[in-house]
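Have a look at the structure below before the remarks.
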Amino acid sequence: MEDSANYSSTFFFCTPLSHERIIWCTECIASGAGITPEQGRIFTVFLTGDALFSFVDATSRESWNALSKVPSVQIVADGDELRLHGLCVSVARAAPGICITERGGGTLFWEQLISHLAAEWKGTKKAAFLLCHPPYMSRIPVHMLRFLSGAYAAGLSPELYAYLDGLHNIHNGQRPSEFENIGRAIATLARKSGESGKDPWFAACSRCATARGYFQMNPGTGYCEPASSIDEITIRPLKEILSRFPGFYPILSHTSGGIVNPDRSRDQDTRPRLIIFITNPPYGTEWTFGGLSLALATAMEGIPTTVVFIEHGVYSLYGTHEVPPNDKVFNVQEMVAATLDIPSLCYLVHAPSLERRGIGVEEHLIGIREVQNNDLAQILWDHDYSATRILFF
Amino acid sequence: MIKLKILLNKLTPGDTLTFFATREQVDNTCAPFSSNGYQVAWDQEAENRYLVRISK
C-alpha cells in the first residue's frame with residue numbers, strides 16, 4: 001500500500017463471523033492500515049450481537065488480538081451485549097486491546113457508533129439502515145432501532161430501507177408477547193422524528209413487498225396499493241430508495257462498512273461508490289439475487305459499483321448453472337453475464353475463497369478478475385473517491 | 001430490471017424489444033436504460049398501460 005491518502009474507515013458487524021471472514025477482513029484491514037499510523041488512516045471496527053462470539057472463539061480471537069495491536073485500528077465491542085451473552089469478563093481478559101463500552105442501558109455502544117459516524121461523514125444530517133432481516137426471528141431489527149433511535153437522539157434524521165425479508169418489519173398489527181414490538185417502534189420513531197422537525201424517510205422495496213403480499217394490485221384502479229402494512233413506511237420502487245444513495249451520509253446494514261476521505265468530503269462530487277460482497281451460495285436464499293439486483297440498479301444510476309464474490313458467494317461462478325424448465329428462479333450466471341457490459345458495474349472474485357474450496361470460475365465467466373486480500377485492500381483504500389459504502393449480502 | 005437486461009442482451013443490432021408496462025415499470029425499470037446505451041420510447045395505451053420499445 002503505497003498511497004498515503006487520508007481515510008477514516010468504519011466496519012460494523014452484528015451477525016456471526018466465520019473464521020474465513022475474520023481472516024480476510026483482518027488481513028485486508030491490516031494491509032490497508034500498514035504497520036504505522038503515519039498514513040493518516042484510521043480504522044474502527046464496531047461489533048455487537050452474535051459477532052461478539054468471535055472474540056472468544058479459539059479460531060478467531062487471535063486475529064482480533066493481532067489487529068487490535070495495529071496502532072491505527074480501534075475495535076469497539078458492545079458491552080451491554082457482551083454482558084447479555086455472558087462474555088464480558090472473558091473478552092476483557094482474553095482481548096485487552098479491545099474497547100468495551102460501559103454498562104449503558106443498551107445505548108452507549110450506539111451513541112459511540114453514531115458519534116463516530118457523524119464525525120466521519122462530516123456535515124451529515126442523516127443516518128440510514130438497510131434492513132434485510134425479519135423481526136423476532138432475528139435480533140437485527142432491534143439493532144436497527146437502537147441505531148436509528150440513537151441517530152435521532154443525536155439530532156440526525158433517521159432513514160430506513162426495508163429490503164428482502166426486512167419487509168416483514170412493516171407488517172401492521174404486530175403483537176409479540178415477549179419481545180420489543182418492532183412495528184410499533186418503527187412507527188413511533190418515524191412519527192416522533194417528523195413531529196420534531198426532522199426529515200425521516202422510511203421506505204420498503206416494492207418488489208420485495210409485492211412478493212411478500214404487502215403490496216397488492218387493486219383490480220379497480222390497476223395500481224398496486226399497500227396491504228397490511230404500517231402507514232409510516234412508504235412502499236417504493238428500489239430505484240427510488242437507491243436515489244438516496246448519492247447522498248453523503250452513512251448507511252449501515254447487518255454487516256457493512258464505510259470509508260471516507262475527509263480531504264475530499266467538501267468536493268462537489270461526494271457521491272459514495274458502492275462495494276457489495278456476495279457471501280452466500282446462489283440459490284438457497286434471496287441474498288445473492290438481492291445483492292446483484294441492488295448492484296445493477298445502483299450501477300444503472302451511474303453510481304460506481306463493485307461486486308465481489310467471496311466466501312460461499314464464489315459458488316455463483318462455479319460450474320454451469322441450468323435452471324429446470326418449471327423452476328422460476330433467475331440463473332445467477334446469466335445475470336452476471338448479461339450485465340458485464342454496464343460501465344459503472346465491475347465484478348471481482350476473491351481468489352482465497354476459490355482456493356479454500358478447491359474450485360475455479362466457470363469458463364464463460366473467466367473474464368471476472370480474481371483478487372487476493374492485498375488487491376482487495378488496494379481496491380478499498382487506494383482510490384480517489386470521497387467515500388465508499390460497503391454492504392454484505 | 002435484470003430480466004429486461006437479459007432480454008436486451010439477446011437482441012440483435014437493429015432489432016427492437018416491444019412490450020407493455022405500467023407507469024411504474026416505465027419510470028423505474030425501462031427509463032434507466034436510456035442512459036446506458038439504449039434507445040427507449042413509450043406510448044400510453046390506457047390508464048396505466050404503456051407500449052415500450054427499446055433498441056440498441
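How big a patch of accessible area, both sides summed and in Å² to the nearest 100, lies buried between A and B at a 1.4 Å probe? Could you put the intermediate results ahead of the total?
On the way: alone 16860 and 3850 Å², together 19150 Å².
Summed over both sides, the interface buries about 1600 Å².
Give me a comma-separated list of calculated 3J(HN,Hα) values for the range A:344-359, in order, Karplus coefficients 6.51, -1.76, 1.60 applied at θ = phi - 60°, integers in Hz, x for any Gly or Pro.
Couplings: 8, 10, 10, 10, 9, 10, 7, 4, x, 5, 5, 4, 4, 9, x, 10 Hz.
Using +1 at the C-beta of Lys and Arg and -1 at the C-beta of Asp and Glu, which of A:N218, B:L4, A:P304 has the Cα lying farthest in the positive direction of the dipole of the protein assembly as shown?
Checking the options against the dipole of the protein assembly as shown, the answer is A:N218.
Calculate the dipole size of the protein assembly as shown relative to its Cα centre from +1 charges on Lys and Arg beta carbons and -1 charges on Asp and Glu beta carbons; express the result in debye to the nearest 20.
On the way: 38 positive and 47 negative charges, 153 e Å.
With Lys and Arg at +1 and Asp and Glu at -1, about 740 debye.
Relative contact order, percent, of chain A when contacts are C-alpha pairs under 8 Å separated by at least 6 residues? Please report the intermediate quantities before stating the final value.
Working: 752 pairs, mean separation 63.8, N = 393.
About 16 percent, as a whole number.
By the scheme Lys and Arg +1, Asp and Glu -1, what is the net charge of all other residues having a beta-carbon under 14 Å from that of B:F20? Don't jump to the answer; show the numbers that get you there.
Values: positive: B:R23, B:R49, B:R53; negative: B:E24, B:D43, B:E45, B:E47.
Net of charged neighbours comes to -1.
Which aspartates and glutamates, if any, have their Cα less than 20 Å from the Cα of A:K126, not counting same-chain residues under 8 positions apart?
Hits, sequence-local ones excluded: A:E111, A:E159, A:E195, A:D199, A:E232, A:E240, A:D267, A:D269.
Just the projected area, averaged over all directions, of the convex hull on the alpha carbon atoms of the protein assembly as shown: how many nm²? Don't jump to the answer; show the numbers that get you there.
Working: hull surface 92.6 nm².
In nm², the orientation-averaged hull projection of the protein assembly as shown is 23.1.
For the range B:15-55, give the percent of accessible area contributed by carbon and sulfur heavy atoms, probe 1.4 Å, rounded to a whole number. Provide the component values of the computation, followed by the final result.
Numbers: 930 of 2170 Å².
Answer for the range B:15-55: carbon and sulfur cover 43 percent of the accessible area.
Local charge sum around B:W42 (other residues, Cβ-Cβ under 15 Å, Lys/Arg +1, Asp/Glu -1)?
Working: positive: B:R23, B:R49, B:R53; negative: B:E24, B:D27, B:D43, B:E45, B:E47.
With Lys, Arg at +1 and Asp, Glu at -1, the neighbours total -2.
From zero up to wherever the largest Cα-Cα distance of the range A:183-250 sits, split into 5 Å bins and tell me the percent of pairs in each.
P(r) over the range A:183-250, rounded to whole percents: 3, 16, 20, 21, 21, 11, 6, 1, 0.
Determine the alpha carbon to alpha carbon distance for each of A:K328/B:K56; A:K239/A:K328; A:K125/A:K192 and list only those over 26 Å. Mind dumping the intermediate values first?
Numbers: A:K328/B:K56 28 Å; A:K239/A:K328 23 Å; A:K125/A:K192 16 Å.
In this structure, A:K328/B:K56 exceed 26 Å between Cα atoms.
Measuring from label point to label point, each 7 Å out along Cα→Cβ, what is the A:E322 to A:F179 span in nm?
Inter-label distance under the simple model: 4.2 nm.
Would you mind pulling out the separation of the Cα centroids of the range A:123-183 and the range A:297-323, in Å?
Cα centroid to Cα centroid, the span is 27 Å.
Using protein chains only and a probe of 1.4 angstrom, how many square angstrom of A:M217 are accessible, to the nearest 10?
110
What is the set of long-range amide H partners of A:A162 at a cut-off below 5 Å, with H atoms built 1.01 Å from backbone N?
A:L131, A:A203, A:A204, A:C205
From the square roots a ≥ b ≥ c of the eigenvalues of the alpha-carbon gyration tensor of the range B:15-55, which class results: rounded (a/c under 1.5), prolate (a/b over b/c), or oblate? If you can, show how the numbers build up before the last one.
Numbers: a/c = 2.74, a/b = 1.48, b/c = 1.85.
Oblate shape, in that a/c is at least 1.5 and b/c is the bigger or equal ratio.
By how many nm would the segment from A:S243 to A:N6 grow when fully extended, if each residue of separation counts as 0.36 nm and the alpha-carbon distance is taken off?
Details: separation 237, 0.36 × 237 = 85.32 nm, distance 2.78 nm.
Gain on extension, A:S243 to A:N6, equals 82.5 nm.
Just checking the output field for A:235-246: average partner chain Cβ neighbours within 10 Å of each residue's Cβ?
On the way: counts 0, 2, 6, 3, 7, 3, 0, 1, 1, 0, 0, 0.
Counting Cβ atoms of other protein chains within 10 Å of each residue's Cβ and averaging gives 2.
Determine the shielding of peptide A:296-306 by partner chains: average, over its residues, the number of Cβ atoms on other chains within 10 angstrom of each Cβ. Don't skip to the answer; put the middle values down first.
Values: counts 4, 5, 0, 2, 8, 3, 3, 0, 0, 0, 0.
So the per-residue partner count for this stretch is 2.
Apply the Karplus parameterisation 6.51 cos²θ - 1.76 cosθ + 1.60, with θ equal to phi minus 60°, to every residue of the range A:170-175 and state each ³J(HN,Hα) to the nearest whole Hz, in sequence, with x for glycine and proline.
8, 4, 7, x, 5, 8
The values are calculated or read from the model by the stated rules, or taken from the named source; none is laboratory data. Computed from a prediction, not measured in an experiment: that's the story for all the values here. Here Cβ is always computed from backbone atoms with ideal geometry, including for glycine, and neighbour counts include all displayed protein chains. Side chains included, ligands, DNA and RNA excluded: accessible areas come from the protein's heavy atoms. Shrake-Rupley method; radii C 1.70, N 1.55, O 1.52, S 1.80 Å.
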